[in-house]
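Peer 1: One structure coming up, written as structure tokens, with questions to follow.
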């Protein structure tokens, strides 16, 4: 009994610790965003300039992370790639968050045939492994960043749609929704002015935990040659380009990998902190 | 149809999807009248009120009968027309127990929204006056706060105020005062009566507290197991009840005589609205004496005296 007690105690999140975690990781995430935006200003070298004289140089004072097989500065390319990787995943998460939520909201609110059709579509999409479907779609559409985003976006909205639908279902039976209807407030206002703000928190928490995953997907497609087109700097494609020379220039693989690892970790921790925050808030 | 008739209900049967909860209800209400429905819980009085506004969220399904509001058949209205009518023509106050407003938004925003939905202007002065009558001081502060900062009773009063500001011709109140303490209850009732005097609002009120119709109602309807068993002028129904159930109900009112009130043995039948024979049979004192006169048409309202009808007397 004692051990059980201790475990439940340890599991319980304290508001203060979650708050501190949230502050730390939002600060780190914000720092990453700032760095990726000001990257062109702080790059020591042109990330796209090839130079045969500096081919495959190890890390040193001139090139902090060394150079790749075309003589480009890996450090500058990692910085330039941050913008592509971070903002494309943020953009995709935002679009699928709003698109999926609105679809789920409408389905949950009206129910009926539209709901049935849309939910069967999400069932069908969820039946495929997400990455396999993305590879297939990106392969058909051709490799560039837009198509990669479309390929991942095809399935990513379903998560928010299902969550929003479920939340709307329980929310629409709240007495205040009845009261609004009895006072003659229109469906549109009820959906977007009352239900959406009330189900926003769990949706946002899910969106935040999805940033890291989305980044892996985009970089994964780029690694397979289905994402960004070379020579554009993106971490996944950088790893792919340097892969052939991994024994000669390991730094060209390691630098973007570590950058990706750190970024995804920060965004995952940030997402967890947001999710824990909503839980702690609900308990309070 | 008479000119001053605002609502007429003919042979109404309502279910929540399967079995009828009320059946064969007939009555009409005049403009400016206050009609109270009394009855035990589960007798269908709330169902009756909900079926009048009949928005899908209240889950009522009208299986038979007609409802005429201001001469128009409500059941032929589309969802959109009903929503337009809701609030402005027919207002409804539920027993909200604190959940009447969106917890995230200020009362001001929610008042504004309801008013704008009917093309009306938000006027703080109007709100302040009604709030004062409802025993809600400092309207400014209330309007700028959110529902979680208020007690359940306050929210109930704010909800009643909002319904009144919308100024409906017909006001349906489903136990609006049950969540209020005795003194505030009195103020809310006085306010409802004032609204009727000033604006000639018709009020249909459901309650299980017989003191409320005694204070404010022009007529009282008594429901039992899904049937309207007695309806008539307040003093006639409350002081000279005709139906054996009403008699028992009035006897069961607790008073200050320091004696336990005489309750009614047994329970109402659960499928009372579906029954062909008298649903009150099991508990009826007259039936036990073998004096039942109306066993072949137990649910037809018969005239007892002027403005007083009962299914059995």
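Peer 1: If one takes the longest principal axis of the Cα atoms in chain A, at what angle in degrees, from 0 to 90 and to the nearest 10, does the Cα axis of helix A:130-141 lie?
Peer 2: With both axes taken from Cα atoms, the answer is about 60 degrees.
Peer 1: Across all directions of projection, what mean area in square nanometres is found for the Cα convex hull of region B:124-216?
Peer 2: 5.8 nm²
Peer 1: Hey, if you drop one equal point scatterer on each alpha-carbon of the protein assembly as shown and run the Debye formula without solvent, what base-10 log of I(q)/I(0) do you get at q = 0.10 Å⁻¹?
Peer 2: -0.94
Peer 1: Sorted from fewest to most neighbouring beta carbons within 10 Å, what does the list B:4, B:174 look like?
Peer 2: Fewest to most other Cβ atoms nearby, the residues stand as B:4, B:174.
Peer 1: Could you tell me the largest-minus-smallest coordinate of the C-alpha atoms of region B:192-313 on each of the three principal axes, in descending order and whole angstroms?
Peer 2: So the extents along the principal axes, rounded to whole Å, are 49, 37, 28.
Peer 1: Then there's this: Take the Cα atoms of region A:143-252, find their three principal axes, and give me the spread along each one in whole Å, biggest first.
Peer 2: For region A:143-252, the Cα extents along the three principal axes come out at 72, 21, 17 Å.
Peer 1: So if I average 1/r over every pair of distinct C-alpha atoms in region B:19-63 and take the inverse, what Kirkwood radius in Å does that give?
Peer 2: 11.9 Å
Peer 1: Ranked by Cβ crowding within 10 angstrom, fewest neighbours first, how are A:55, B:143 ordered?
Peer 2: In increasing order of surrounding Cβ atoms, one gets A:55, B:143.
Peer 1: GNM on chain B, C-alpha springs below 10 Å: top fluctuator among B:78, B:145, B:295?
Peer 2: The residue that fluctuates most here is B:78.
Peer 1: Which three numbers, in whole Å and largest first, are the semi-axes of the equivalent ellipsoid of region A:63-111 derived from its Cα gyration tensor as √(5λ)?
Peer 2: The equivalent ellipsoid of region A:63-111 has semi-axes of 43, 7, 5 Å.
Peer 1: Hey, another quick one. Other chains near B:107-120: what is the mean number of their Cβ atoms within 10 Å of each residue's Cβ?
Peer 2: Average per residue, whole number: 3.
Peer 1: May I pose another question? Evaluate the Kirkwood expression for the hydrodynamic radius of chain B, namely the inverse of the mean inverse distance over all pairs of different C-alpha atoms, and round to one decimal in Å.
Peer 2: 20.4 Å
Peer 1: Compute the angle between helix A:2-11 and the longest alpha-carbon principal axis of chain A, please, reported from 0 to 90 degrees and rounded to the nearest 10.
Peer 2: So the helix axis and the longest Cα principal axis differ by about 70 degrees.
Peer 1: Taking a quarter of the surface of the convex hull around the Cα atoms of region B:1-125, what do you get in nm²?
Peer 2: 9.6 nm²
Peer 1: Then there is this: What three numbers, in Å, describe the spread of the alpha carbons of region A:16-106 along their principal axes, ordered from the longest?
Peer 2: 59, 35, 19
Peer 1: Just want to confirm a number: the relative contact order over region A:121-161, from Cα pairs under 8 angstrom separated by 6+ residues, in percent.
Peer 2: So the answer I get is 50 percent.
Peer 1: Let me ask something additional. What is the fewest-to-most order of A:194, B:308 by other Cβ atoms lying within 10 Å of their Cβ?
Peer 2: Placing the least packed residue first, the sequence is B:308, A:194.
Peer 1: Can I ask one more? Nearest 10 degrees is fine. How inclined is helix B:124-133 to the longest principal axis of chain B, computing both from alpha carbons?
Peer 2: So the helix axis and the longest Cα principal axis differ by about 40 degrees.
Peer 1: At a threshold of 8 angstrom on Cα-Cα distance, excluding pairs fewer than six apart, so keeping six or more, what relative contact order does region B:186-258 reach in percent?
Peer 2: RCO, region B:186-258: 19 percent.
Peer 1: Hey, what number do you get for chain B at 222 nm if only DSSP H runs of n ≥ 4 count, each worth -39500 (n - 2.57), divided across all residues, to the nearest 500?
Peer 2: Helix-only estimate at 222 nm: -9000 deg cm²/dmol.
Peer 1: Nearest 500 deg cm²/dmol is fine: what mean residue ellipticity at 222 nm does chain A get from its DSSP H runs of n ≥ 4 alone, each adding -39,500 (n - 2.57), divided by its residue count?
Peer 2: The per-residue figure over chain A is -25000 deg cm²/dmol.
Peer 1: Taking each pair of different alpha-carbon atoms in chain A once, compute 1/r for the pair, average those values, and report the inverse of that mean as the Kirkwood hydrodynamic radius in Å to one decimal.
Peer 2: Hydrodynamic radius (Kirkwood, Cα pairs) of chain A is 21.2 Å.
Read the figures in this text as sums done on the coordinates, not as results from a lab. Given the structure is predicted, the values throughout are model-derived calculations rather than measurements. Positions of Cβ are generated from backbone atoms using ideal geometry, with glycine treated the same way; all protein chains shown enter the neighbour counts.
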